[in-house]
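Take a look at the structure below.
Read-outs throughout are calculated quantities, based only on the coordinates presented, and are distinct from any laboratory measurement. Predicted model, so just to flag it, every value in this text is computed and none were measured. Note: ideal-geometry Cβ built from the backbone for every residue, glycine included; neighbour counts use all protein chains shown.
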């Protein structure tokens, strides 16, 4: 059987042909019963024309009836009009002050815009609008219903709210039997939507202002209590604030620290002067102390020494004037010593006075610091109370400022939603043009009638036991036709001069489960033909080729079953533990190289050029060992399909280690077999054998021990 065939070739007469919409995809069955059967499900031009010639009158009659019914329906159905009002949600906000509004605008968020559309479709928005518009009194919309649920459903069915593209424009369309009412309802919905948007902002601002006003009372009481606590604590602990987060006690400590530092500096200076005067007195040297009397005495002594020196030079050492001068010099030295002792006493008294003052200041500082240590815990508590009061003051001021701003914003609440275009009564209905309706109705009636006739014809043809006679056979003679018996086994003289490597039997129609040829390709892959292909695998093992072997599978004629044989051979090789791969040749169209595609069953489809490059890559002079695909597999099966469909596939025989021809039992001596063997004559060195398909049941002899299957003649 051919792939996809649902009817056995034995159940249809050789000269029968399809008389229904479905035409045969293959040729007619030959008189000997070896031709392919008719395959339902395909559509050809000849079959379509034959179907239209035979059923044209029925199709036209049914089409006219359907066309008339369509015109009547168009006349009976009411005409409706749709009016549209455009509403824009401007994302720009009106800013009068720098303060943020209580309810900000929608901004640039598209999700927020879509949310507004869904709100406009909700029951909460439509229910009060239906009551306001008195929809229950409009028979066109209410249909006599007064229940709010029904009114909502019918009103929403007439309403359509959509966004215009990626804009901020919302189209609100309403459909009614009267154009004026359609425009009225569309405008009412748009106005209600705009009013609801403004009302939402106003209500939000009012609620915020009222809440802030109530909250300010509580905050004011809390602030007053915290400030009173700070004042009471200061009074209790006699803590005065001197500004800059300091108390009077802290300022006093700071001042005493500065005075103590200055007193210590003066004491050190006085002590240094006193010690320097003592050292000068002991060393009998002139110190750096500058006083008027002492300086004058030193000047007189210096002048007197000069006079004594001159007199010694003029009068000699024993002159009476020298005695007087020496007496004067001794008197001056005595006065100088007295002054120097006075200076020492003065420096000592100054040092003692500065030291006493320093000690007094240090005592005062120590007393103040002791008092501050005692009052430290009170200061910590005061700071805690002060922080609480400051925080309450800050919060109160913020709320007060926000309340003032929000209270003023009540006067100006501009809505971002505005009506961009009001709806006007439409001039045309929602129906397409009449000419277009009539044309569509005519085409639909014709197609519907054609499909109905085809379905009824196919149903009558598919009934069990019903076989339609060909056009050339008289209707009275058709029941007397008999189905030809299955073809006998081919004669030995019709066999080609090729060895038979395997035979696939054919089960009788209706006996046991369907054979692999009666199933789709995807299902047939699950069946096991390993038993019948065992001789072929043994022959492949016997091919004198080391390493990987390449088997080329060719189909002879249509529906030979080469695809299933190749897949079953690959699966049988894998079950035997061989590393096998199946490559199926995909036809090329318009010089387009098909892509390499891997399938879930492990096979691969590729074009002729891809397969040729893949098999010849390892045979090039500069090829590396890893470039040869034969190094990765034990067996490579290439299914080239039918040479009649793609004759260039014969070039793949140059890469094959053996060639497997798959042919039906009735086509071993056909012209297709002769053409294939003639094309393979150029590759006589490659071992070539047959896999005979559709061998009639009972003609397959038992396999001899160690031999191949035989064909009964």
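Each residue, residue 314 and residue 381, gets one label point 7 Å from its Cα in the Cβ direction; the gap between the two is 9.5 nm.
What is the range 246-374 by shape, rounded, prolate or oblate, if you read a ≥ b ≥ c off the alpha carbon gyration tensor as root eigenvalues and call it rounded for a/c under 1.5, prolate for a/b larger than b/c, and oblate otherwise? It comes out prolate by the Cα gyration axes.
Listing 211, 501 from fewest to most neighbouring C-beta atoms within 10 Å gives 211, 501. Going by neighbour counts of Cβ atoms within 10 Å, the residues 539, 639 line up, fewest first, as 539, 639. Between residue 632 and residue 579, the contour length at 0.36 nm per residue exceeds the Cα-Cα span by 18.3 nm.
Give the distance, in whole Å, between the Cα centre of the range 203-218 and the Cα centre of the range 526-574. Here the two parts' Cα centres lie 89 Å apart.
Among 531, 605, a tally of other beta-carbon atoms within 10 Å of each Cβ gives an order, fewest to most, of 531, 605. Once the C-beta distance of residue 624 and residue 438 is scaled by a Förster radius of 56 Å, the resulting FRET efficiency is 0.15 to the nearest 0.05.
The alpha carbon gyration tensor of the range 118-166 gives principal lengths a ≥ b ≥ c with a/c of 1.5 or higher and a/b greater than b/c, which makes the shape prolate. Once the chain from residue 531 to residue 65 is taken as fully extended at 0.36 nm per residue, the excess over their C-alpha distance is 161.7 nm.
With contacts taken as Cα pairs under 8 Å and at least 6 residues apart, the range 246-374 reaches a relative contact order of 51 percent.
The residue 682 and residue 644 beta-carbon pair, evaluated with R₀ = 30 Å, returns a calculated FRET efficiency of approximately 0.95. Under 1.5 on a/c is rounded, so check that first for the range 130-207, then, if it is not, pick prolate when a/b is larger than b/c and oblate when it is not; a ≥ b ≥ c are the square roots of the alpha carbon gyration tensor eigenvalues. Taking the square roots of the gyration eigenvalues as a ≥ b ≥ c, the range 130-207 is oblate. The label point for residue 147 and the one for residue 451, both projected 7 Å from the Cα toward the Cβ, are 3.6 nm apart. Maximal additional length on extending the residue 366-residue 418 stretch stands at 10.9 nm, based on 0.36 nm per residue less the C-alpha distance. Between the beta carbons of residue 282 and residue 345, assuming R0 = 22 Å, the FRET efficiency works out to 0.90 to the nearest 0.05.
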